[in-house]
Amino acid sequence: MTKLFRLYTRFAAGFADSIIRPFYNIGDVVVFLGKTIRTVPNIPKSLGLIFDSMLEIGVRSIPIALVISIFAGATTAWQANYQLQEYVSMRYLGTAVSKSLILELGPVLTGLVVAGRVGASIAASLGAMRVTEQIDALSTMAIDPIRYLVLPRVTAAMIMVPILTIYSVFFGIVGAMFVSMYFLGVTKGIFIVGVRHYFYYTDIMVCLIKAFIFGTGLSVLGCYYGFKTTGGAEGVGKAAIKAFVSSAIFILLSDFIVAALAF
Amino acid sequence: MEKIELRGVKKYFSSKPVLRDVNLTVRKGETLAVIGRSGCGKSVMLKHIVGLLKPDDGKVFVDGEDITDLPEQQLYRIRKKFGFLFQGAALLDSLTVGENVGLGLAELSEYTPEKIKQIVTEKLAMVGMEGIENYMPADLSGGMKKRVGLARAIAMEPEIILYDEPTTGLDPIMADTINELINYLSTELKITSIVVTHDITSVRKVSDRISMLHHGEIIFTGTVEELDTTGNEVVIQFIEGRSEGPIKPSVKKYISDDEQRIRFNSKKRVEGIFQ
Ligand SMILES: Nc1ncnc2c1ncn2[C@@H]1O[C@H](COP(=O)(O)OP(=O)(O)OP(=O)(O)O)[C@@H](O)[C@H]1O
Ligand SMILES: [Mg+2]
């Protein structure tokens, strides 16, 4: 019994540690962000690189973001129907679904998907460059690696994550509409009236602000853990994990903060 | 005049001393070979010269300027004087061979793409690698990567070139070609060079002076003649490549399976007697 207890406390301590650990590096990450911001005047010189990153981060993430958002929309509609049917007219189904997609599910799910698909891959590829001295090689050629490797990725994520999020929200609402039409007996017209009702532009602004913050955070964290990689191939794998875990925590935390500030 | 100087450089990696007290000067236009055992800190020393690593103590001078505590942005100015051949070539594997060699030119010079292409072709030809501009680094052998790395190091026509084992992994004929190239760059273009190498043939062929790094210190510096007439046992053992001498290679003596079985059996027999 005591053995079991000890095992449990050790597990709990490890768990707490893995939650707290990302916070140890906050100062470091902020310094890294500062270095990145200092290279912003070089954006015109790096347009080609930024464009490549936009393709990689944005365009290639569309399929997965699409699939996930359609299902998220469909599920939200189904469950909103279940929750509302006793008390509220189905005219408000569209309202409930679109609000939750615009304000919460769209940005957060897109952020998490991109953190997994792109943030982790940024960390892995920069980590591999670090351990094979490619980043050092850039430095010795007098090419600032932050300018050459980090600036394009962060800029691209800042632009593409909000765009992806808008896509996700749109297709989420489409998914919800189909479920409403074919399974819940709510007509297209009623659903759309519901969406339009209480549609505020500030909601879209909050959605975009969230997406922008998530995109910045996940790309900076991916680059940061990539640059900090040590310990060969194993270190590269760890960098990818750290990038994803810290991005996920960052996204959920900043989501709450933005919500608390906005409303 | 001193082009590069290391003064009392010390470097620890998590309290393990790698450079204990390195004092080294490289004169303008000379080729200095640095020899020393594997793992003694030669690559670490080279990285101090371009500011990739900072000494825990001591100073690094380039052209008389103290670069030890220069901030990163200032260091780029210094690094433009250098070409650096990494031990592992360190080619960017997202770029083609041609883009790798021309990277510095594309990012830092005002040359047109045609001009850059022409320089790239020329430099690749100098290392015997013409016509592979469109290969990806992953498709090259180790020796080919090394030579592309060398082409990249000389592409910007630097004043100083640091070679980390330029001939390792090359066949003897190609190794000699690279030695010729190092000599050409030194005599014709007056480039100052440091050549880190284990290859004693290469040392004799390219160097004006030789320094040996041992236990974190420079224990010998001299010309090829002085190398041949030195009384320093450690240096003699190294250049003659013997395992017997003042340097004790820290490997377990190889014991054959048969011998192990015999030892094991006799041990058991001895234990048997005492029981
Ligand atoms: N980033 C690092 N972190 C920790 N230890 C390091 C690091 N870089 C080098 N070392 C250690 O410093 C020592 C010297 O390494 P270095 O690469 O300079 O050897 P070397 O003389 O170039 O050897 P070789 O001839 O095999 O290339 C080694 O013991 C190595 O373990
Ligand atoms: Mg080395």
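Rg ratio for segment A:42-262: its Cα radius of gyration over 2.2 N^0.38 Å, N being its residue count, equals 1.17. Using a probe of 1.4 Å, the accessible surface attributed to A:L55 totals some 60 Å² when neighbouring protein chains are kept in position. Diagonalising the gyration tensor over the Cα atoms of segment A:169-260 and scaling each eigenvalue by 5 before taking the square root yields semi-axes of 39, 17, 9 Å, largest first. With a threshold of 30 Å on the Cα-Cα distance, the over-threshold entries among B:K16/B:K145; A:K238/B:K123; A:K238/B:K59; B:K28/B:K59; A:K228/B:K3; B:K146/B:K205 are B:K16/B:K145; A:K238/B:K123; A:K238/B:K59; A:K228/B:K3.
How much of the pair distance distribution for segment A:1-149 lies past 24 Å, counting alpha-carbon pairs only, in percent? The proportion of pairs with Cα distances above 24 Å equals 60 percent.
If only the Cβ of Lys and Arg carry +1 and only the Cβ of Asp and Glu carry -1, the dipole of the protein assembly as shown around its Cα centre is close to 1960 debye.
Remark: accessible surface ordering of B:Y184, A:Y24 (largest first) is A:Y24, B:Y184, probe radius 1.4 Å.
For a quick check of your reading of the filter: which trypsin sites (Lys or Arg not before Pro) in segment A:173-263 sit in a DSSP loop and have no more than 14 other Cβ atoms within 10 Å? Those that pass, being in a loop and sparsely packed, number zero.
Only protein heavy atoms count here; under a 1.4 Å probe, A:D17 has an accessible surface of about 50 Å².
To the nearest 10, the accessible area of A:E234 is 120 Å² with a 1.4 Å probe.
Less than 5 angstrom separates the built amide H of B:I4 from those of B:V26, B:D63, all sequence-distant by 5 or more or on a different chain. Divide the volume of the convex hull around the Cα atoms of segment B:70-221 by the residue count and you get 134 Å³ per residue.
With a cut-off of 14 Å between beta carbons, the residues surrounding A:L84 carry a summed charge of +1, where Lys and Arg count +1 and Asp and Glu -1. For the protein assembly as shown, the spherically averaged projection of the C-alpha convex hull amounts to 39.2 nm². Under 14 Å from the Cβ of A:P44, count the other residues' Cβ atoms, weight Lys and Arg +1, Asp and Glu -1, and hand me the total. Here the charged neighbours net out to +1. When you restrict to C-alpha pairs under 8 Å that are six or more residues apart and normalise by the size of segment A:42-262, the relative contact order lands at 36 percent.
At the listed q of 0.10, 0.12, 0.14 Å⁻¹, the Debye profile of segment B:1-114, built from one uniform point per Cα, gives log10 I(q)/I(0) equal to -0.36, -0.52, -0.69. Rounded to the nearest 500, the helix-only mean residue ellipticity at 222 nm of chain B stands at -12500 deg cm²/dmol, with each DSSP H run of n ≥ 4 adding -39,500 (n - 2.57).
At 1.4 Å probe size, put B:H48, A:H197, B:H215 in order of accessible surface, largest to smallest.
B:H215, A:H197, B:H48
Largest to smallest in accessible area, the residues B:I116, A:I192 fall in the order A:I192, B:I116 (1.4 Å probe, all protein chains included). When the P(r) is computed for segment A:63-188, the part past 22 Å accounts for 50% of the Cα-Cα pairs. In degrees from 0 to 90, rounded to the nearest 10, what is the angle of the helix B:172-188 Cα long axis to the longest principal axis of chain B? Taking Cα atoms only, the helix is inclined about 50 degrees. Of the chymotrypsin sites (Phe, Trp or Tyr not before Pro) found in segment B:51-155, none is in coil by DSSP with at most 11 other Cβ atoms within 10 Å of its Cβ.
Legend: helices of chain A (whole DSSP H runs) are marked when their alpha-carbon atoms reach 20 angstrom or more along the helix axis and their mean Kyte-Doolittle hydropathy is at least 1.6; marked are A:151-182.
Helix-only arithmetic for chain A: the sum of -39500 (n - 2.57) across DSSP H runs with n ≥ 4, divided by the residue total, places the mean residue ellipticity at 222 nm at -26000 deg cm²/dmol.
Classification of segment B:136-255 by its C-alpha gyration tensor yields an oblate form. The axis ratio a/c (a ≥ b ≥ c) is 1.5 or more, and b/c is at least a/b.
The values are calculated or read from the model by the stated rules, or taken from the named source; none is laboratory data. All figures in this text were calculated on a predicted structure; none of them were measured in a lab. Note that each Cβ is placed from the backbone with ideal geometry, even for glycine, and that neighbours are counted across all protein chains shown. For the accessible areas, the whole protein counts, side chains as well, though only heavy atoms, and no ligand, DNA or RNA atoms are used. Shrake-Rupley method; radii C 1.70, N 1.55, O 1.52, S 1.80 Å.
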